[in-house]
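A short write-up of the structure that comes next.
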Amino acid sequence: MKKLDVLLIRSFIGPFVVTFFVALFVLVMQFFWLYMDELIGKGVGVFLLIELLVYMAAVLVQLALPLAILLSSIMTFGNLGENFELVAIKSSGISLLRFMKPLVILIIIMSGLAFVFANNVMPVANLKALSLLYDLRNKKPAMIIRPSQFNNDLQGYSIRVGSMDKDGKKITDVLIYDHSDMMGNNKVVMAKEGEIVPSPDKQSLIFKLRDGWQYHEGYKNGSHDYTQVRMHFDEWDKDFDLSGMKFTRSSEEGFRNANQMMNVSQLTVAIDSLKKQKERSAGTLQTYVAQYVVLETQGKPKDAVVAALASKATVPGERRYDTSFRELVPEASQKAMVQQLTNNVRNFKSLVDVMALDSRLQTENWMKYEIELHRKFTLSFACLLLFLIGAPLGAIIRKGGLGMPLVVAVTFFVIFHILNISGEKLAKSEAVKPWMGMWMSTIILLPLALWLIAKARNDSRIFTKEWYTRAAKSLVAMLPKSVLKKKPA
C-alpha cells in the first residue's frame, strides 16, 4: 500500500469515528425523548435505562452507519479539495478513481461487516430492546403520595393525605376509599394522623393510623339486610400490597417469532412456511365451501358434464328448467326452505369473509418477512452507495469542516431515508414487489452517484455560483432573438 493510500485512509477514519458516534448519540437521544414520558416516574433504575439505551444503540446502527459514511466521505474529500491536495494529486497523473480505490475497498469491507452485524447482532438487540421496552412501558408507576391530592396507583384504593412531613413518613388528615370488592366506595377510613412505614421485605406499605373511624355499608352475606357500620379506633395498621408494582421481566419467547428478531436463514424458513400455509388455506376453503355449494362436476368426467349441460340448454353453457325449484316444494315447506337458504347464504358469506381476511393477514405477514429479509442486504449496499455519492460530492464542493458538508450530507441522507421509507410502505401495501420497494432508493440514487463521479472526474463546479451563472447565460443564448427583443411601447 502506498503512502498516499495510507494518508487517505487516515484522513477518512478520524471524521468517520466522530460522526458515527455523534449520529448514534443523536438517534439514541431522539428515541429516549420519544418514550421519556412512559419511562420516567415509574421507579425504573438507572441501570435498566442504560441497558435499554445500549440495546437501542445497536438497533440504530442501521441509520447511523450510512449517515456517518456519507458525512465523513464528504468531509474527507472536501478537506483535500479545499487544501488543493486533490489538484496536486490529479496533476501528478493519479485519477480520482485510483485515488478513491483504497476507500472503496475499505467501505466494501465495512459493508460486509455491516451485513454480519445486521444478520447476527441486530436480531438479538431487537429482541432484547423491544422486550425490555414492552416491560418498562407496562410497568405500573411508582406510588407517589402528594399532600391534598388523591392517589389511585394502588388498584382498588383512593388515598388522600392532608399534609406530610419533609421526611415523608408522618401524615395527617388521612382519607382512604376502599373499593377493592367492586361495590363502590362502601368502605371509608378516616384518621387524624398516622405514619407511613415500608415493610421489612419492601413488598408492602404500612399505614399506621391513629385516632380515626372506619365506615362500612352494604348487604350482609346471603341476606337482603342493608347495614351501616361505624367503628372508632385508637391505632390501626393498614397494609397495602406493592408486589403488583414491582418490575418483572417477561419471557423473550413471546417475541422471538417477530420478523425483526430473525436472521437470514430463519427468515427464509419462515417465508417458505408462510407460502405453504397460504397454499393449504386455498385447499381448506374449497373443503369448507363444499358443504354449501354442490358442484355438478364432482364425480363425473368433464366432457360428460359439458355434454349433459349442452343438451338441456337453449343457450350454450346455460341450464334451463321447465319450472322453478320453489314450485316443486310443498307450500307448507316453502317458508322453511327460504329461511334455510337464507341462513346458508349468510353462513357462506361469513365463511368467505373470514377466509378472505385470513388470506389478507397471511399476505401482510409474508410481506413483512420478505421486507425484513431484503433489509439485511440493503443496509450493506447503502453504505457503499452513500460513499459513492459523498466522495465525488466532497471533491466537487471542495469545502471541509462541518459547514457545507454537513448541510449537503443531511440533505442527501434525508432524500435517501424518505425514498427508503416510501419504498417500504409501497411494499407493505402490495403496490410493488417487496424487493422493488426495499431497493427503490438504491435504484434511484445509483445513477445519481455515477453522474456525480463523472462530474468529479471532469472537475465540474456544479456547486459554485459561476456554474449556475454560465448555465443561465447559455440558456438565454439559446432563445430566439425575437423573444429577447423588446416590443415597442
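Structure notes:
- Of all residues in segment 326-369, those satisfying the criterion of being in contact (Cβ under 8 Å) with a residue 40 or more places away in the chain and polar (S, T, N, Q) are Asn344, Asn347, Ser359, Gln362, Thr363, Asn365.
- Among the candidates Ser131, Ser72, the residue that is modelled with pLDDT under 85, among the hydroxyl-bearing types (Ser, Thr, Tyr), in a helix (DSSP H, G or I) and surrounded by 19 or more Cβ atoms within 10 Å (Cβ to Cβ) is uniquely Ser131.
- In this structure, Glu424 does not qualify as out of contact with any Leu (no Cβ under 8 Å at 6 or more places or on another chain) and not in a helix (DSSP H, G or I).
- Criterion applied to Phe84, Phe77, Phe47 was being surrounded by fewer than 14 Cβ atoms within 10 Å (Cβ to Cβ) and within 30 Å of Arg398 (Cα to Cα), and the one residue passing it is Phe84.
- Across segment 237-261, the number of residues qualifying as surrounded by 12 or more Cβ atoms within 10 Å (Cβ to Cβ), out of contact with any Lys or Arg (no Cβ under 8 Å at 6 or more places or on another chain) and modelled with pLDDT of 70 or more comes to 8.
One line per residue, one yes/no per condition, for (1) modelled with pLDDT of 80 or more; (2) among the β-branched types (Val, Ile, Thr); (3) exposed (fewer than 13 other Cβ atoms within 10 Å of the Cβ); (4) assigned to a helix (DSSP H, G or I):
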| residue | (1), (2), (3), (4) |
| --- | --- |
| Lys276 | yes, no, yes, yes |
| Val305 | no, yes, no, yes |
| Thr314 | no, yes, yes, no |
| Arg319 | no, no, yes, no |
| Leu361 | yes, no, yes, yes |
| Met367 | yes, no, no, yes |
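- As a summary of the residue check, Ser380 satisfies the conditions (1) more than 14 Å from Ile69 (Cβ to Cβ); (2) touching a residue at least 40 places away in the same chain (Cβ under 8 Å) except for the one numbered (1).
The rows are residues; the columns are (1) of a type in the set (D, E, K, R); (2) under 27 Å from Arg210 (Cα atoms); (3) outside the structural domain of Gln260 (by TED's automatic domain parsing).
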{"site": "Leu127", "(1), (2), (3)": "no, no, no"}
{"site": "Tyr134", "(1), (2), (3)": "no, no, no"}
{"site": "Ile145", "(1), (2), (3)": "no, yes, yes"}
{"site": "Asn152", "(1), (2), (3)": "no, yes, yes"}
{"site": "Gly162", "(1), (2), (3)": "no, yes, yes"}
{"site": "Ser180", "(1), (2), (3)": "no, yes, yes"}
{"site": "Met183", "(1), (2), (3)": "no, yes, yes"}
{"site": "Met190", "(1), (2), (3)": "no, yes, yes"}
{"site": "Glu193", "(1), (2), (3)": "yes, yes, yes"}
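- For segment 28-44, filtered to residues that are among the aliphatic types (A, V, I, L, M), surrounded by 14 or more Cβ atoms within 10 Å (Cβ to Cβ) and outside any loop (DSSP other than H, G, I, E, B), the residue that is modelled with the highest pLDDT is Val28.
- Residue check for Glu327: at pLDDT below 80 and not β-branched (Val, Ile, Thr): yes
- Residues of segment 91-123 that are surrounded by fewer than 19 Cβ atoms within 10 Å (Cβ to Cβ) and either touching a Phe, Trp or Tyr at 6+ places or on another chain (Cβ under 6 Å) or without any contact (Cβ under 8 Å) to a residue 40 or more places away in the chain (or both): Ser91, Ser92, Gly93, Arg98, Ile105, Ile109, Leu113, Val116.
- Residue in segment 212-224 that is modelled with pLDDT of 85 or more, of a type outside the set (Phe, Trp, Tyr) and surrounded by 14 or more Cβ atoms within 10 Å (Cβ to Cβ) present: yes
- Residues located in segment 150-196, provided they are buried (at least 17 other Cβ atoms within 10 Å of the Cβ) and of a type in the set (Phe, Trp, Tyr): Tyr157, Tyr177
- For segment 134-168, a tally of residues being at pLDDT 80 or above and more than 42 Å from the chain's Cα centre (by Cα) returns 5.
- Any chance Pro15 is in the same structural domain as Leu379 (by TED's automatic domain parsing), modelled with pLDDT of 85 or more and closer than 26 Å to Pro123 by Cα: no
The values are calculated or read from the model by the stated rules, or taken from the named source; none is laboratory data. Values in this document were obtained by computation on a predicted structure and should not be read as measured data. Every residue, glycine as well, gets a Cβ built from its backbone with ideal geometry; the counts of neighbours run over all protein chains shown.
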